[in-house]
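Here, each number is a calculation from the coordinates, and none is a lab measurement. The model shown is predicted, which means the values in this text are computed figures rather than measured ones. Glycine also receives a Cβ, built like all others from the backbone with ideal geometry; neighbour counts cover every protein chain displayed.
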Amino acid sequence: MSDYDALRQRLDKAMDQHGLWPARSTWTRQAVADTPRHAFAPDRLWRWDGRTYQPLDRGAGPDRWAAEVYGRPFDAAVTQITDDAPSSSLSCPSIVVDMLDSLMLEPGHRVLELGAGTGWNAALLTWRAGPGRVVSLEVDDELARQAKERLDAADTDAAVVAADGADGWPPGAPYDRVMSTYAVEQVPWAWVEQTRPGGRIVTPWGRLGHVALTVADDCRSAVGWMQGLATFMPARGTPPASSWPHVRGTGPADDERPFARDLHPLKDDAHLLFALRIHLPDVQISTGVDDDGVNVWIHDGVASWATLTTLPDGEARACQGGPRRLADELEPAWDWWLAEGQPTLYDFGMTVGPERQYVWCRDAATGPRWPLQAHGRAAV
């Protein structure tokens, strides 16, 4: 038994206990077993210590390094830091297999992957699709080189190209399946153009979940349902999100008032947060808990902010500032979600066309819809 076997078996068992191995795509479990994560992890990982990301080197602490590679099912291993923020990772196993399940991949499919990262996902795709069937793009030249080296060392025949995934890869089109490993605000139309009729595109959207789209027979649209909820790294070149202190500033609040709602759903209900993300696409919400209860920080990344604070008596209070009143905007979006029967993430879907893209609820043709945003601007 190798030094990694116990860790791999522990992770496999944890995935099983949580019901995370997809029943529809049973092949994913064997693919993961045959494609060890540590073979695709760099010698330096990064771990958050509560204040900053600290290096975790294989040579200095091999046991800690291995434990980071084979963490819990919902743990990613950060493999690259850029400007003090994670820019690449060995994704958490639960999300990897969930997205592979959404892809509905079959042997012989031609696959385009956007975001090679470490190469592990490309290896899993190749395990299923077959040798010579996967092309993986990576915008970072050094990451592309390293991913190719790891794939070659694992005797995995997947092509790695140093290129921007937003443009797809026309030389290999048409593809049966397209899969992005990073989040986009709008689905690049090139991905649809390069996918065959009836082909499937799986991509994280808006850093809060992933969607599976099926390309129409006339290749003029792609439509599909949201598939899962998780946080993803954005595409390279996405403007960094402003921090709460930067937006809040130091001035006094412009408005203070009671906030007559229980704040716990803003911390605990991911489906509410997804609905709020749809209604307020440029608004960021974070939460924390102190002795009095839940506290919420809201900002638009520009100049408007709000805090929702639980007081010692259990009541909540809103303070807000800037040109917008974000606490006031939050309430009607929350009310819509309640009035609609608290739709879950899985009640939402997306339609992508050459000139417009939008998210809808429950019915693509008749349900309410919201235009997608690109860096704060609605799709046209």
Exercise for the section: May I ask you to derive the FRET efficiency for residue 302 and residue 331 from their Cβ-Cβ distance with R0 = 25 Å, giving the value to the nearest 0.05? Expected result: 0.75
Problem - Degrees, to the nearest 10: 326-339 long Cα axis against longest axis of the chain - result: 70 degrees
Handout entry: Gaussian network model of the chain, Cα within-10 Å springs - most flexible of 27, 191, 336
Key = 336
Exercise for the section: Work out how far the C-alpha atoms of region 5-228 reach from end to end along every principal axis, then list the three figures in whole Å, largest first. Expected result: 55, 37, 34
Problem - Under Karplus coefficients 6.51, -1.76 and 1.60, residue-wise ³J(HN,Hα) of region 346-354 in Hz, glycine/proline x - result: 6, 8, 9, x, 9, 10, 10, x, x
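Restricting to Cα pairs below 8 Å that are 6+ residues apart, what does the relative contact order work out to for region 172-296? Please round to a whole percent. Could you put the intermediate results ahead of the total?
Details: 167 pairs, mean separation 20.2, N = 125.
It rounds to 16 percent for region 172-296.
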Completion exercise
A correct Karplus calculation of ³J(HN,Hα) over region 196-201, with 6.51 cos²θ - 1.76 cosθ + 1.60, θ = phi - 60°, whole Hz and x for Gly and Pro, returns 5, x, x, x, 10, 10
Fill in the blank from the handout: Rounded to the nearest 5, the percent of DSSP beta bridges in the chain running antiparallel is 75 percent
Problem - Pair residue 49, residue 81: separation of 7 Å Cα→Cβ label points (nm) - result: 0.9 nm
Exercise for the section: May I ask what percent, to the nearest 5, of DSSP beta bridges between residues of region 5-228 are antiparallel? Expected result: 60 percent
Handout entry: For the chain, calculated [θ]222 nm from helices alone, where every DSSP H run of n ≥ 4 adds -39500 (n - 2.57)
Key = -7500 deg cm²/dmol
Handout entry: For the chain, built as a Gaussian network whose Cα springs stay under 10 Å, the top-fluctuating residue of 301, 50, 314
Key = 50
Completion exercise
Final fewest-first order of 88, 304, 243 on the 10 Å Cβ neighbour count is 243, 304, 88
Completion exercise
Going from the fewest other Cβ atoms within 10 Å to the most, one would list 143, 311 as 311, 143
Exercise for the section: Could you tell me which of rounded, prolate or oblate describes region 241-380, using a ≥ b ≥ c as the square roots of the eigenvalues of the alpha-carbon gyration tensor, with rounded for a/c under 1.5 and, failing that, prolate when a/b is larger than b/c and oblate otherwise? Expected result: oblate
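Restricting to region 122-252, what percent of DSSP beta bridges are antiparallel, rounded to 5? Walk me through the intermediate numbers first.
Working: 12 of 22 bridges.
Once the DSSP bridges in region 122-252 are tallied, antiparallel ones form about 55 percent.
Please identify the trypsin sites (Lys or Arg not before Pro) of region 34-91 that satisfy two criteria: DSSP loop assignment and at most 16 other Cβ atoms within 10 Å. Which are they?
Working: sites: 37, 44, 47, 51, 58, 64; in loops: 51, 58.
When the trypsin sites (Lys or Arg not before Pro) of region 34-91 are filtered for loop state and at most 16 Cβ neighbours within 10 Å, 51 remain.
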Practice task
Apply the Karplus parameterisation 6.51 cos²θ - 1.76 cosθ + 1.60, with θ equal to phi minus 60°, to every residue of region 45-56 and state each ³J(HN,Hα) to the nearest whole Hz, in sequence, with x for glycine and proline.
Solution key: 10, 9, 10, 6, 9, x, 10, 7, 8, 10, x, 10
